[in-house]
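**Student:** I am attaching a structure below and will ask some questions about it afterwards.
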Amino acid sequence: MPRSLAYPRRALLPFVAAVTLLTTASVSLADAAQACGSVITAPLARPVSADDPCPSADPVVCRIRVLPMDQKVEAQRTRMRYHGLLEDMHRTEAAMREAGATDEEIAREMVDMRNQAKEITRAGMTPEEVRVLEERNIAKYGNPLGPTADQLYAKYGSWQQVTDASMRTSYAVDRELSLEYRPCPV
């Protein structure tokens, strides 16, 4: 091959590689922007000493911060399963609306589903982890699973807001587990 043709090919190769890399990166960014459900946002933070002051008022977050890494990984997986159950709730709400259910019927079903999701999720936790969650809920709501539909209605004053509240997730807990919950379109 003549020397004059070899040089342009060597110069062209890095250019083609750069274009390919940029194209792949933009597709990955587009995919990440479209992600829904349980999205991992960063690597899990290393455990901190139990003596370190916890910056959160949420005892669940404080507990997660000190977990050994293997338990933190399992806690993240458990939280992702919980997010999957929230997705089931969104689909059920849409189906109920389509079938003509009232806001109250939907809200009561969503609160029941959320409590079932908590029970399902807690089945995979240690007794100590469940104890921390239940103590928090008993102190706050008088119920180990959290607020009832009627308690939420008294707080928010509308069944639609009860439905919305039943499908929220704790931003602080999700952040501590390097997750973000993004509802998927239904």
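The values are calculated or read from the model by the stated rules, or taken from the named source; none is laboratory data. Values in this document were obtained by computation on a predicted structure and should not be read as measured data. Protein only, heavy atoms only, side chains kept; ligands, DNA and RNA dropped before computing areas. Shrake-Rupley method; radii C 1.70, N 1.55, O 1.52, S 1.80 Å.
**Student:** Let me check I have the definition right: for region 38-186, take the eigenvalues of the Cα gyration tensor, multiply each by 5, take square roots. What are those semi-axes in whole Å, largest first?
**Tutor:** That gives 29, 17, 13 Å for the three semi-axes.
**Student:** Next question, about the same structure. Between GLN160 and THR102, 0.36 nm times their residue separation minus their Cα-Cα distance comes to what? Please list the in-between numbers first.
**Tutor:** Working: separation 58, 0.36 × 58 = 20.88 nm, distance 0.96 nm.
Separation in residues times 0.36 nm, less the Cα-Cα distance, equals 19.9 nm.
**Student:** Then there is this: I need the shape label for region 52-126. Rule: rounded when a/c is under 1.5, else prolate if a/b > b/c, else oblate, with a, b, c from the alpha carbon gyration tensor. Don't skip to the end; give the middle numbers.
**Tutor:** Numbers: a/c = 3.42, a/b = 2.39, b/c = 1.43.
Since a/c reaches 1.5 and a/b is larger than b/c, the shape of region 52-126 is classed as prolate.
**Student:** Starting from the alpha-carbon convex hull of region 119-186, give the projected area averaged over all orientations, in nm². Could you put the intermediate results ahead of the total?
**Tutor:** Details: hull surface 23.1 nm².
Approximately 5.8 nm², given one-decimal rounding.
**Student:** Moving on. For region 53-182, what does the accessible surface come to per residue with a 1.4 Å probe? Please give it in Å².
**Tutor:** Details: 6800 Å² over 130 residues.
Solvent-accessible surface per residue comes out at 52 Å².
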